[in-house]
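Right, one structure below, let's go through it.
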Amino acid sequence: MPLPKVDKIWMDGALVDWDDANVHVLTHALHYGSGVFEGIRAYATSEGPAVFRLTDHIRRLFNSAKIYLIEVPFSAEQLIEATKETVRVNALESCYIRPLVYLGYGEMGLNPLPCPVQVSIAVWPWGTYLGDLALQHGVKVKISSWQRPDPNSMPPAAKATGMYLNSSMAKVEALKAGYDEAILMSPQGYVSECTGENLFIVKDGRIITPPTSAGALEGITQRSIMTIARDLGFEHVVANILRSDLYTAEEAFLTGTAAEVVPIRSIDDRVVGEPGPITRKVQETFFAAVKGEADRYKDWLEHVNT
Ligand code: PPE
């Protein structure tokens, strides 16, 4: 589906027209994947558009940059304000938000330190990432032949642009084999996560999600789901999961900003089935939270008009 255009994109401190938000072909990040980014969503609420956990996302962006020794030429407060401004000027009630910090044009070669650091924030309307049917009835997933990189090869904790070649290969492999999504394992043989989502299973009534040490990104949706699980009184734990645990899970779902909360209906053709009661309950609570319909989670919403 082509990207729906909006009016303005924030680039290095200024709002520019969508069609003018371009870079030179010798931009370092195009050649070496030297960038870090975030995926954030703003939702329509009764008090206008609100960005879900914006401060947490910007904090993770700075941590990703720190891991790669990229000095962001703006403060977190400036990027938070710039994000809100970009949503506001485009008059969007709800949207996806893509802040990107990347090494720009001016130097080539593998030493990134002399490169200029550039920052952009784009927003666009983005509906359900895996489709409406997926949200209701779940997706078919396949364990990938591709693994997540070892944390000493490429740190999965940093949301770096180059890292996503790994995810893309797993995604394409799964799609070509007739599945919707892939699960990647860690080099140590534990379940890591999906291509752009964290993974949860339910076993013996307990909600389990893998740790960062198994190659998963510290997901902000994942963390929100753990809080929701706690508040709903469900037993929940961050722990290593084996491939066989996936095959015998009572329920399974994936979480991410783009994907939101999506049930899994089968894993490598082992049927999990229609979404179970725990999946339904956390999914329903998550959607109430992001829309500002759950008082308990109002702190997660950062309104763009205030
Ligand atoms: N793991 C990976 C590898 C990942 O990329 C994401 C987000 C997550 C887990 C979930 O994290 P969080 O969004 O904080 O709950 N993936 C972003 C990019 C997806 C894309 O297609 O691009 C996202 O969901 O915005």
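The values are calculated or read from the model by the stated rules, or taken from the named source; none is laboratory data. These figures come from a predicted structure and were not determined experimentally. All Cβ positions, glycine included, derive from the backbone under ideal geometry; neighbour counts span all protein chains shown. For the accessible areas, the whole protein counts, side chains as well, though only heavy atoms, and no ligand, DNA or RNA atoms are used. Shrake-Rupley method; radii C 1.70, N 1.55, O 1.52, S 1.80 Å.
Tabulated data
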item	result
Filter pass, V23 being within 14 Å of T86 (Cβ to Cβ) and of a type in the set (V, I, T)	no
Residues (more than 13 Å from the ligand (Cβ to nearest atom), of a type in the set (D, E) and more than 16 Å from A294 (Cβ to Cβ)) located in the stretch 218-253	E235, D245, E250, E251
Test for S192: is it under 17 Å from S213 (Cα atoms), in contact with a Leu (Cβ under 9 Å, 6 or more places away or on another chain) and crowded, with 20+ Cβ neighbours inside 10 Å	yes
In the stretch 104-161, residue least open to solvent (accessible area, probe 1.4 Å) [restricted to those that are away from the ligand (no atom under 16 Å from the Cβ) and within 27 Å of D180 (Cβ to Cβ)]	G138
Filter result (over 19 Å from E218 (Cβ atoms) and touching a Ser or Thr at 6+ places or on another chain (Cβ under 6 Å)) within the stretch 130-155	L135, K140
Residue among E260, E302, E274 that alone is closer than 30 Å to A177 by Cα, within 21 Å of the chain's Cα centre (by Cα) and in contact (Cβ under 8 Å) with a residue 40 or more places away in the chain	E260
The stretch 264-274, residues that are within 14 Å of V141 (Cβ to Cβ) and away from the ligand (no atom under 16 Å from the Cβ)	R265, S266, I267, D268, D269, R270, V271, V272, G273
Filter result for T45 (surrounded by fewer than 20 Cβ atoms within 10 Å (Cβ to Cβ) and in contact (Cβ under 8 Å) with a residue 12 or more places away in the chain)	yes
Residues of the stretch 188-207 that turn out to be free of Cβ contacts under 8 Å to residues at least 60 places away in the same chain, under 26 Å from L175 (Cα atoms) and away from the ligand (no atom under 16 Å from the Cβ), as a count	2
Residue in the stretch 280-306 that is most open to solvent (accessible area, probe 1.4 Å), counting only those that are part of a loop (DSSP other than H, G, I, E, B) and of a type outside the set (D, E, K, R)	T306
In the stretch 7-57, the residues that are away from the ligand (no atom under 16 Å from the Cβ), small (G, A, S) and closer than 16 Å to C115 by Cβ	S34
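So that you can scan it fast, the table gives a plain yes or no per residue for (1) within 21 Å of A214 (Cβ to Cβ); (2) at pLDDT 95 or above; (3) polar (S, T, N, Q):
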position	(1), (2), (3)
T128	no, no, yes
L133	no, no, no
I143	yes, yes, no
Q147	yes, yes, yes
T161	no, yes, yes
S167	yes, yes, yes
L175	no, yes, no
E181	yes, yes, no
L184	yes, yes, no
